[in-house]
Amino acid sequence: MTNKHYWIFIVFLCSIGAQGLAQQNKKNTSSTLDRGWQFHSINQAGLLEGQIGSAFQIQTINGLQYRSWFAGIGAGIDYYRFRGIPLFIDLRKEFGHSGNKFYIYMGTGMHFIWLTDKQKNEFNLNHFGSNDFSNGLYAGAGVGYKVELNNQLAIFISPGFIYKKTEVKNSNTICPFQGPCYIISDRYNFDLYRLSVNVGIVF
């Protein structure tokens, strides 16, 4: 992850803290069970940590909440190993009746590959040649803690676990002794497991 990404993440954290301090006396402790259908937009940024190193992600999830249950559609940008755009269904369950509550979440969908120029060059240098990167499974789960600042705004932190998969198909044309030529195809599977820590705002 570049220094630019670290600074964006730090500014994001500071803005959340500033809003929390400015509105901490406006918390509404009404029970979630007293509320009917509500639309919410969950916007978060996070750090990803795995065997390959650290990376950055941003996501937005929009959907409906009924009492303590939430279901929505999420999308974002994931920079870990191969940059991509995850598109997924997100489910959440909250516990507690006060403004501050724990929750669990899980999501599943597809990871659409979107390589950077650096990643394309890296594979060419490693003699992968012209590659066909496939989209793959995307899934995640974790826990979180949400603090309501008022009826329309909340902040949260959520550690979790994320998985994404992609496959590379590489085909080379071999012409020994000037022919005849034949094609050799190889497949490389990448199963990427990461720990994540997200912070964000719920509208």
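The values are calculated or read from the model by the stated rules, or taken from the named source; none is laboratory data. Computed from a predicted model, the values in this text were never measured in an experiment. Using ideal geometry, Cβ is built from the backbone for each residue, glycine included, and neighbour counts are taken over all protein chains shown.
Among strands (runs of 3 or more DSSP E) entirely within the range 75-169, having at least 2 residues that are of a type in the set (Phe, Trp, Tyr) and buried (at least 17 other Cβ atoms within 10 Å of the Cβ) singles out 100-113. Quick check: anything in the range 164-184 of a type in the set (A, V, I, L, M, F, W, C), on the phi > 0 side of the Ramachandran plot and modelled with pLDDT under 95? Yes, the range 164-184 has at least one match.
The residue that is modelled with the highest pLDDT, among those in the range 28-52 that are β-branched (Val, Ile, Thr) and assigned to a loop (DSSP other than H, G, I, E, B), is Ile52.
With respect to Ser68, determine if the residue is of a type in the set (S, T, N, Q) and at pLDDT 85 or above. Working first, answer last.
Details: of a type in the set (S, T, N, Q): yes; at pLDDT 85 or above: yes.
So Ser68 passes the test.
For His111, the conditions (1) in contact with a Gly (Cβ under 6 Å, 6 or more places away or on another chain); (2) under 24 Å from Ala154 (Cβ atoms); (3) not aliphatic (A, V, I, L, M) all hold with the exception of (2).
Answer yes or no as to whether Ile58 is under 18 Å from Leu195 (Cα atoms), of a type in the set (A, V, I, L, M, F, W, C) and surrounded by 13 or more Cβ atoms within 10 Å (Cβ to Cβ). Judged against the criteria, Ile58 is a match.
So that you can scan it fast, the table gives a plain yes or no per residue for (1) closer than 16 Å to Phe156 by Cα; (2) in contact with a Lys or Arg (Cβ under 7 Å, 6 or more places away or on another chain); (3) modelled with pLDDT of 95 or more:
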| site | (1), (2), (3) |
| --- | --- |
| Leu64 | no, no, yes |
| Gly72 | no, no, yes |
| Gly76 | no, no, yes |
| Tyr80 | no, yes, yes |
| Arg83 | no, no, yes |
| Arg92 | yes, no, yes |
| Gly96 | yes, no, no |
| Tyr103 | yes, yes, yes |
| Gly107 | no, no, yes |
